[in-house]
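What follows is a set of notes on a single structure, which appears directly below.
The values are calculated or read from the model by the stated rules, or taken from the named source; none is laboratory data. This is a predicted model, so every value here is computed, not measured. Reconstructed Cβ throughout: ideal geometry from the backbone, glycine too, with neighbour counts over all protein chains shown.
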Amino acid sequence: MPKILIVDDEKSIRLSVQSFLQDAGYEVRVAEDTRGARALLAEGDYDVVVTDVVMPGASGVTLLQAIREASPDVQVIMMTGEPSVETAADAVRAGASDYLAKPVGKADILKAVRRAADTKRMWDENRRLQAENRRYQEGLEQMVTQRTEELHRALEGAIRAMALAVESRDPYTAGHEQRVAGLARAIAEEMGLPGEGIQAVYFAGVVHDLGKLSVPAEILSKPSQLNAAEFALIKMHSNTGYQILKTVEFPWPLAELVFQHHERMDGSGYPRGLSGNAIALEARILAVSDVVEAMASHRPYRPALGIEAALAEIVDKRGTWFDTRVVAACVRLFREKGFTLDASPAAAAGVGERVWKQGEPVA
Ligand SMILES: [Fe+2]
């Protein structure tokens with residue numbers, strides 16, 4: 001039932017309008033001045049206000065302005081015994097929905113109230129639909145986010161399974177890929193990469209040595225230095241990883257990043273000898289993370305060199321092998337932000353990836 005407020009200083013008008021509007025099925029309250037009207041308006045939701053213009057105290061136009069500011073949908077009908085073009089113009093400018101000249105006949109006021117109540121209902125319905133639409137949109141967005149998270153979790157599971165398959169063949173790399181992924185993610189965050197880039201770097205880190213599946217296990221775990229033929233076999237792992245990963249449609253360019261993780265800024269890397277910006281930034285981050293983790297970890301043929309030696313190595317090779325900005329971010333993480341490589345059981349046991357190099361092992 002629409003709720004109507006009648007504001008008029010003349011009691012007889014207040015009561016007669018209230019009476020026939022109630023008979024017409026409206027819920028009607030009355031006030032004798034603007035102040036009383038504002039008190040009632042503050043207490044409840046009204047659909048239509050019918051107000052006199054000239055009253056002792058503040059005028060009906062002042063009331064109209066206050067209503068417009070507080071509740072823009074409430075319909076206001078102005079009534080006055082002293083009609084003038086200016087008053088009517090003021091009322092319309094201030095947002096009145098109708099203007100009636102006294103004496104007002106029952107039929108006129110009923111018609112005006114009915115029209116105003118219909119308009120108010122339309123606004124209410126419009127708002128309700130907008131709110132419903134917003135809830136629906138939010139629901140959809142939430143569902144998309146949830147499904148995306150589920151998909152990412154499933155992909156992450158698959159990626160971890162691949163990494164485990166590699167590690168099971170080569171105990172020396174146990175934990176290495178996880179730690180490289182963790183460091184690469186931290187560097188990407190430090191450099192302010194977007195969320196997609198950070199995820200790409202992390203997951204590429206988890207599988208970066210996937211191609212080692214095709215390298216004979218005895219070469220992977222060989223404690224002494226590698227000959228040229230063995231090193232050539234090792235170098236194939238970037239391409240093998242790429243070939244395996246490119247068959248899966250990931251939301252990140254994992255195959256390409258794995259393909260590039262041994263490329264060097266000056267073109268001296270493998271397998272394609274890419275240089276500078278031809279190497280994806282994410283792959284440049286992986287390259288630095290890979291070497292830092294490998295050097296900081298224990299080797300079958302030497303104890304861990306420690307993080308300081310690893311940082312000195314990347315600083316020494318910045319601009320030639322490594323991206324200068326990536327090196328700076330990595331150094332900042334360890335020196336200023338307290339980053340440490342995860343002390344996983346594998347690290348504690350002193351195993352990690354070999355830095356494969358023909359001839360003398362690094363350091
Ligand atoms: Fe590798």
Exercise. Considering only the range 271-300, state which residues are surrounded by 18 or more Cβ atoms within 10 Å (Cβ to Cβ), farther than 17 Å from Val207 by Cβ and without any contact (Cβ under 8 Å) to a residue 60 or more places away in the chain.
Key: Leu274, Ile279, Arg284, Ala296
Exercise. Kindly establish whether Ala161 is without any contact (Cβ under 8 Å) to a residue 24 or more places away in the chain and in a helix (DSSP H, G or I).
Key: yes
Exercise. Could you check Ala96 against (1) at pLDDT 90 or above; (2) under 33 Å from the mean Cα position of the chain (by Cα) and say which number it fails?
Key: (2)
Quiz item: Can you tell me which of Leu183, Leu193 is surrounded by 14 or more Cβ atoms within 10 Å (Cβ to Cβ) and not in a helix (DSSP H, G or I)?
Solution: Leu193
Quiz item: What do you reckon, is Lys120 crowded, with 16+ Cβ neighbours inside 10 Å, among the basic types (Lys, Arg) and within 30 Å of Ile6 (Cα to Cα)?
Solution: yes
Quiz item: Which one is farthest from the ligand (Cβ to nearest atom) among residues in the range 196-242 that are surrounded by 20 or more Cβ atoms within 10 Å (Cβ to Cβ) and charged (D, E, K, R)?
Solution: Lys212
Practice problem: Taking the residues in the range 243-290 that are in a loop (DSSP other than H, G, I, E, B) and polar (S, T, N, Q) as candidates, determine which candidate is nearest to the ligand (Cβ to nearest atom). | Solution: Ser268
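Out of the residues in the range 42-65 that are among the hydrophobic types (A, V, I, L, M, F, W, C) and modelled with pLDDT under 90, which is nearest to Ala101 (Cα to Cα)?
Within the range 42-65, the match that is nearest to Ala101 (Cα to Cα) is Val53.
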Quiz item: Consider Ile77 against the criteria (1) in contact with an Asp or Glu (Cβ under 7 Å, 6 or more places away or on another chain); (2) at positive phi: it satisfies all of them except one. Which criterion is unmet?
Solution: (2)
Exercise. Report, ordered by the first and then the second residue, all pairs with beta carbons closer than 9 Å, sequence separation of six or more or different chains, a first member in the range 26-40 that is in contact (Cβ under 8 Å) with a residue 24 or more places away in the chain, and a second member that is part of a strand (DSSP E or B) and among the hydroxyl-bearing types (Ser, Thr, Tyr).
Key: Ala31/Thr51; Thr34/Thr51; Ala37/Thr51
